[in-house]
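The values are calculated or read from the model by the stated rules, or taken from the named source; none is laboratory data. All values reported here derive from a predicted model rather than from experimental measurement. Cβ: placed from backbone, ideal geometry, glycine included. Neighbour counts: every protein chain shown.
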Amino acid sequence: MRGKVVSGVGEGRAFTSLGWARRQFREKLGFNPYAGTLNIQTIREENIELLRSSKGIQIDPPKGFLGGKCFTALIGKRIRGAVVIPDSSRHPSHVLEIIAPLSLREELNLDDGDEVDVQVWLE
């Protein structure tokens, strides 16, 4: 997939900071996520529909929270992370949220409008 970097609304930072979510990311993906997500607007919206209809790795919430699913990914052809498809989001349907163990914006020197490649494995 390819997409353009866009600013988020802060939901990713809150979600990736929750103890129960961090534990599951560590257990199921093998890393502690950086507090926040890289948001990309995909060029082909059907790519997101494919992810939404695939099983993925479930992130199971405790009572009172919403979870989601994720897919392992390689971002910028060199950083291992995951695409997160939350059960609920304020983002438009063509925006993907990506997590990694470090700040993807800093590590890949990305600004809003920059394009980035994301290779995703369907689980």
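What the table shows:
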{"read-out": "Qualifying residue in the stretch 92-99 (condition: touching a strand residue (DSSP E or B) at 6+ places or on another chain (Cβ under 9 Å), under 19 Å from Val120 (Cα atoms) and of a type in the set (Asp, Glu))", "value": "yes"}
{"read-out": "Qualifying residue in the stretch 70-77 (condition: within 18 Å of Arg23 (Cβ to Cβ) and not polar (S, T, N, Q))", "value": "yes"}
{"read-out": "Arg80 vs. criteria closer than 17 Å to Lys28 by Cα and in contact (Cβ under 8 Å) with a residue 12 or more places away in the chain", "value": "yes"}
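One line per residue, one yes/no per condition, for (1) in contact with a Leu (Cβ under 6 Å, 6 or more places away or on another chain); (2) within 14 Å of Val84 (Cα to Cα); (3) modelled with pLDDT of 90 or more:
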site	(1), (2), (3)
Lys4	no, no, yes
Thr16	no, yes, no
Glu27	no, no, yes
Leu38	yes, yes, yes
Glu49	no, yes, no
Gly56	no, yes, yes
